[in-house]
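> Below is the structure I would like to discuss, written out as structure tokens.
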Amino acid sequence: MSAHPLEYAAPETLEDALALLATHGPEAKVLAGGQSLVPLLNYRLARPRLIVDINGLPLASVHADDGRLRLGALTRHHELEESPEITRRCPLLGEAARLVGNVRVRSLGTLGGSLAHADPAAELPMAMVALDAHLTLASSSGHRTVPAREFFRGYLTTALAPDELLTEIAVPVVPGAGWAIEEFSRRPGDFAIVGVAALVSLDRHGHVEDARLAFAGVGDRPVRVPAAEDALRGGEPADARLARAAEIARDALEPASDAFVSGAYRRLLAGVLCRRALGRAVARALGVP
Ligand SMILES: Cc1cc2nc3c(=O)[nH]c(=O)nc-3n(C[C@H](O)[C@H](O)[C@H](O)COP(=O)(O)OP(=O)(O)OC[C@H]3O[C@@H](n4cnc5c(N)ncnc54)[C@H](O)[C@@H]3O)c2cc1C
């Protein structure tokens, strides 16, 4: 199939893009890398009257300030993988981006597009929830900042209003933290059946100072499990503690069954992947290569 007839605009300034969104509201759709939007258009699952192509806007900058990595919404997945600046400050992002689709998808797809699309099995939304990132949403009447945990509202649903553009993602840098993403998918490059991102920091006594666990594929949005994180904090990162935290996470999740696998299988998988991710994150926090 091909897309139904539509108009196309390629604004050159943020102001012009926001004015188009303000005028056309839900009749307009933003085009970034097109890796999710174009298939939706071709299957006529999205039928906007106007496409607002934002690729000409200055939204691809990457810089660090005030303990945060600031990523423009047009930062491509491959840049998350390859940029030394990003890798040095937040290696979890590279590990997440590397698992997205294939090379073609990663060379075109953007961070902002992945977050705005909000597939609950996607790696980058899960990573942003684990990292406690903040998202800047701009409209012609101003801008607001939303924590990643509040941005995702349900299946393919976010806090973005029709006249808003996601412009920047601010990721707090956690120096010395160990990180890992584990996922299971049927074929390499497929969306994960279940994924988990783990971030672990140790204090000077080698005890867990902070721990974050975010899951993909287990609900209608990325899911954090505070009870499992609490079970890790304050103690030595011994095998038994990591295993217990993974069990707590597994038991707290309530994934649904679908055409691919049962909810019970997803829950089991989440526990196993969580234990693996915690083991790798702790090893990295201890400096083990
Ligand atoms: C074969 C294939 C395999 C894939 N595998 C995976 C995978 O394993 N994991 C994964 O996470 N993803 C996967 N994807 C999706 C991919 O990551 C997309 O790149 C991503 O979902 C969307 O990014 P995009 O820049 O292409 O956005 P687009 O497709 O251009 O847009 C997606 C949606 O976001 C909106 N949007 C885009 N940018 C903004 C913005 N700045 N502000 C407001 N709204 C915006 C658009 O209007 C649209 O609704 C796959 C895609 C393909 C084609």
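Derivation of every value follows stated rules applied to the coordinates shown; laboratory data play no part. Here the structure is a predicted model, which means the values were calculated and not measured. Here Cβ is always computed from backbone atoms with ideal geometry, including for glycine, and neighbour counts include all displayed protein chains.
> Give, in nm to one decimal, the length gained when the segment between His205 and Asp65 is fully stretched (0.36 nm per residue of separation minus the Cα-Cα distance).
Extending this stretch completely gives an extra 47.5 nm.
> While we're on this one: Summing -39500 (n - 2.57) over the DSSP H runs of n ≥ 4 in the chain and dividing by its residue number, what mean residue ellipticity at 222 nm do you reach, to the nearest 500 deg cm²/dmol?
Working: 12 runs with 106 residues, N = 289.
The per-residue figure over the chain is -10500 deg cm²/dmol.
> Please label the shape of the stretch 123-233 as rounded, prolate or oblate, based on the square roots a ≥ b ≥ c of the eigenvalues of the alpha-carbon gyration tensor (a/c under 1.5 means rounded; beyond that, a/b larger than b/c means prolate, else oblate). All intermediate terms of the calculation are to be shown ahead of the outcome.
Details: a/c = 2.29, a/b = 1.36, b/c = 1.68.
In terms of gyration-tensor shape, oblate.
> In cubic angstrom, how much convex hull volume per residue do the alpha carbon atoms of the chain span?
It is 126 Å³ per residue.
> Right, here's the next one. At most 14 other Cβ atoms within 10 Å and a DSSP loop assignment: could you name the GluC sites (Glu not before Pro) in the stretch 1-74 that fit?
Glu12
> Order 258-266, 89-97, 66-74, 121-129 from most to least packed using the mean count of other Cβ atoms within 10 Å.
121-129, 89-97, 66-74, 258-266
> Roughly what % antiparallel, to the nearest 5, for the DSSP beta bridges in the chain?
Taking every DSSP beta bridge within the chain, about 85 percent pair in antiparallel fashion.
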